[in-house]
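A short write-up of the structure that comes next.
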Amino acid sequence: MILMCVPFSLHAEDGHNLWLRRESAAPVNVVCSKNSATIDIAKQELHQGWQGKTNATVVLAIKQNKFIRGDGYMLSTYGVQANTDLGILYGVYAFLSHQQTENPIRDVIISNPSYERRILDHWDNLDGTIERGYAGRSIFWRNGRDSLVVTEQDKKLWKEYAHVDASIGINGAVLDNVNASSLILTTEYLNRVKSIADVLRPYGIRTYLSVNFASPAVIGGLKTADPLNPEVQKWWKDKAKEIYGIIPDFGGFLVKASSEGQPGPQDYGRTHADGANMLADALKHYGGIIMWRAFVYSSSGDDRAKQAYSEFMPLDGKFHDNVIIQVKNGPVDFQPREPFSPLFGAMKRTSVMPELEITQEYLGQAIHLVFLAPMWEEFLKSDTYQEGEGSTVARCTDGSIFPQKYTAIAGVANIGLDTNWCDHPFAQANWYAFGRLAWNNQLSSIQIADEWLKLTFKPTTLEDKTKLTVLPTVWNIKFLNPVKQLMLESREAAVNYMMPLGLHHIFSANGHYGPGPWWAPKWVRKDWTPPYFHQADTAGIGFDRTQNGSDAVSQYQEPLRSLFNNVKYCPEIYLLWFHHLPWTYKMRNGRTLWDALCYHYQEGLDQVREFQKIWDNVKPYVDPERFSVVQSKLRQQCVNAQVWKDACLLYFQQFSRMPIPYDIERPAHDLNDLIQNDIRRR
Ligand code: GCW
């Protein structure tokens, strides 16, 4: 009791080691009959991280076992077995994670990857800036005269990066932005790519590049980039030869084409299949793949949410087998909540891979604490019904239902040069969660949060442990449980204070940070403005995507089509995504739609206030650095949540003309002030 009252502070943490904070390790004997760069790393990890019995012997066995697939592994109390060296490395990381989370291996555990390719897409520009990056500049690229010189510091950082990725099973990295510069394919840049690939290779990470479809014309001196032109085809074949000459295990290309102003096959009257297949043929001989993005829409189309499906479905079956269509989780664009994209499960004769956004472009951008695993879990578990009940997005993309030559999943990275990689300490959890779900798409957010918190916050030094083990389970009760609850609620809180009940894309301007339901400058395309998405008027609010509206519902398989179409059955979380409804519409709990909106905004704000309290309460269990960063970010989040609530309610009230329910807090801002001063990230 006395000890508990003594103020103390824990060992400082700058967050650089993420979930790989190594405790002082006990000596261990590692036995392995094989040697390779990857096995050496596995051994080293064990020596640096062993928390088991002193001088225990661990066996690493590379032996074929029909229950182990790909780079999967088997853990037992004695060690790790796998089919491949990389399987051993993954097994070792899992073994150590079991030790650190105090989850002993009592029986044999077999773990196989859900997706063969588990890739981080870096939207890093060659000048070192990062599109939608909130954690500093690129770890791969920089500006200036020495931009292509590879320094020891570069290599050290790339190695650390590879180590972190491998620890959660990530095995691919796309090094440059999908809005790609042709320069990446010049010999100078390719040499730097080679240096990066050499560092990542022993950790099992393959290198991929985003390419600009017009490259043959931009840097190749050709007059066209038409995919059916033989000279263009030859240019790509030669380029592939050059790349594989220096990076023999190069993974392939990621392509954003004929999308948001990027060049593509449509510039030459060709289809996405013509473009993708031409590139696929160039890489085929070397085993390379093409990840062709389905993020397409034009301002002339009727409903932006329908366009990817309309454009790609007619091409199903027309892609070569080393093409994978990369589809964002939702039909619009990484919103706080969207239904799954109807392309999942619908393209039955084409490989399809999900694209998730780890960087919080639309979810508070490294200022707000939003744990994304619940959103991804909701997405992966969504039933498409495409091959009967249970055809979840996870099963439609991991090869369980449709035979795919390659299976893959990608996440848009949230890392940069910041010391702790992600800026917000809790944004690290989203990197971790992506890797874990890419490895096992059936994992629950609860388990992921639990693991991550233990690995990231549990005291590691003997001194800190002594301070905290005053009572045996204190840390679990006082820190782990409440903070886990906070994390698990955080995404729903963001939905509540930003865009509840199926509202989407009501951000101000192109920053995608604060609210801007009013934002619609004359010079901006309609489908880039919030009024296009919320459709609020005095008659009601919401986008009518029923059969009487844009008919987007028809892109879904039954029974979803009828379910979404019928306002009585449509899940309320998607209500205004699919329906335009009067303000007085009666919700299932009897409230009017207007009142329901008000309560959701209030609830979101209340949740963030509660998060603040929870965090303040865990102060004794967190090092002062991370404690105060999170505390200060939660303050900003709270102020922002209040702005979101006031802005949306005051703006929509102009149309609803209904009072804010009595037990809802009054707005603290004036609408005009909010319109004049859009909130910006500080
Ligand atoms: O979400 C939008 C972003 C763009 C991005 C685009 C895409 C890379 O606002 O910044 O561009 O999607 O995914 O291509």
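The values are calculated or read from the model by the stated rules, or taken from the named source; none is laboratory data. Note that the structure is a prediction, hence the values are computed from the model and not measured. Cβ atoms come from the backbone with ideal geometry, glycine included; neighbour counts cover every protein chain shown. Keep in mind that these areas ignore ligands, DNA and RNA; they rest on the heavy atoms of the full protein, side chains included. Shrake-Rupley method; radii C 1.70, N 1.55, O 1.52, S 1.80 Å.
Taking the options Ala240, Ala257, name whichever one is within 16 Å of the ligand (Cβ to nearest atom), under 27 Å from Ile170 (Cβ atoms), surrounded by 14 or more Cβ atoms within 10 Å (Cβ to Cβ) and under 33 Å from the mean Cα position of the chain (by Cα).
Ala257
I need the full set of residues from the stretch 416-454 which are aliphatic (A, V, I, L, M) and more than 13 Å from Tyr134 (Cβ to Cβ), in order please.
The answer is Ala429, Ala433, Leu437, Ala438, Leu443, Ile446, Ile448, Ala449, Leu453.
Can you name the residue in the stretch 97-122 that is aliphatic (A, V, I, L, M) and open to solvent by less than 30 Å² (accessible area, probe 1.4 Å) and is also farthest from the ligand (Cβ to nearest atom) among such residues?
Per the stated criteria, the residue is Ile105.
Cβ-Cβ distance below 8 Å, separation of 6 or more or different chains: which pairs start in the stretch 193-210 with a residue that is closer than 16 Å to Ser138 by Cβ and end on one that is of a type in the set (Lys, Arg) and buried (at least 22 other Cβ atoms within 10 Å of the Cβ)?
Within 8 Å, the pairs are Ser210/Lys256.
Quick check, is Leu75 crowded, with 20+ Cβ neighbours inside 10 Å, outside any strand (DSSP E or B) and on the phi < 0 side of the Ramachandran plot?
In short, no.
Table: residues versus (1) in a loop (DSSP other than H, G, I, E, B); (2) over 20 Å from Thr407 (Cβ atoms); (3) within 15 Å of the ligand (Cβ to nearest atom).
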position: Ser310; (1), (2), (3): no, yes, no
position: His320; (1), (2), (3): yes, no, no
position: Ser341; (1), (2), (3): yes, no, yes
position: Ile367; (1), (2), (3): yes, yes, no
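If only one of Val327, Val352 is part of a strand (DSSP E or B) and within 16 Å of the ligand (Cβ to nearest atom), which one is it?
From the options Val327, Val352, the qualifying one is Val327.
Give the stretch 384-397 a look and list any residue that's touching a residue at least 40 places away in the same chain (Cβ under 8 Å) and in contact with an Asp or Glu (Cβ under 9 Å, 6 or more places away or on another chain), or say none.
Tyr385, Ser391, Val393, Cys396 - these are the residues of the stretch 384-397 that are touching a residue at least 40 places away in the same chain (Cβ under 8 Å) and in contact with an Asp or Glu (Cβ under 9 Å, 6 or more places away or on another chain).
Residue under question is Pro521, and the condition is that it be over 17 Å from Tyr497 (Cβ atoms) and over 30 Å from the mean Cα position of the chain (by Cα); does it hold?
yes
Tell me the residue from Arg106, Arg118 that is assigned to a loop (DSSP other than H, G, I, E, B) and basic (Lys, Arg), please.
Arg106
What are the residues in the stretch 133-159 that are open to solvent by 50 Å² or more (accessible area, probe 1.4 Å) and touching a residue at least 60 places away in the same chain (Cβ under 8 Å), if any?
Of everything in the stretch 133-159, just one residue is open to solvent by 50 Å² or more (accessible area, probe 1.4 Å) and touching a residue at least 60 places away in the same chain (Cβ under 8 Å), namely Arg137.
What residue, of Ala346, Ala373, is buried (at least 24 other Cβ atoms within 10 Å of the Cβ) and away from the ligand (no atom under 16 Å from the Cβ)?
Of Ala346, Ala373, the one residue that is buried (at least 24 other Cβ atoms within 10 Å of the Cβ) and away from the ligand (no atom under 16 Å from the Cβ) is Ala373.
Pairs only if they're at least six apart or on different chains, beta carbon under 8 angstrom, first in the stretch 406-419 and under 14 Å from Asn329 (Cβ atoms), second open to solvent by 30 Å² or more (accessible area, probe 1.4 Å) and within 16 Å of the ligand (Cβ to nearest atom); list them, first residue then second.
Qualifying pairs under 8 Å: Val412/Arg132.
Write out, first by first residue and then by second, each pair whose Cβ atoms fall under 8 Å of each other, whose residues are 6+ apart or on separate chains, and whose first residue, in the stretch 93-106, is charged (D, E, K, R) while the second is in a loop (DSSP other than H, G, I, E, B).
Note: pairs meeting the criteria are Arg106/Thr77.
Criterion first (within 16 Å of the ligand (Cβ to nearest atom), out of contact with any Leu (no Cβ under 8 Å at 6 or more places or on another chain), polar (S, T, N, Q) and farther than 21 Å from Ile41 by Cα) does Asn125 satisfy it?
yes
Report whether or not Lys43 is modelled with pLDDT under 95, over 30 Å from Asp623 (Cα atoms) and among the basic types (Lys, Arg).
No, not satisfied.
On the given criteria, is Ala42 in contact (Cβ under 8 Å) with a residue 40 or more places away in the chain, in contact with a Cys (Cβ under 9 Å, 6 or more places away or on another chain) and at negative phi?
yes
How many residues does the stretch 571-583 hold that are within 24 Å of Gly388 (Cβ to Cβ) and either open to solvent by less than 10 Å² (accessible area, probe 1.4 Å) or among the acidic types (Asp, Glu) (or both)?
1
Looking only at residues in the stretch 174-207 that are open to solvent by less than 20 Å² (accessible area, probe 1.4 Å) and assigned to a strand (DSSP E or B), which one is nearest to the ligand (Cβ to nearest atom)?
Ranking the qualifying residues of the stretch 174-207, first place goes to Val174.
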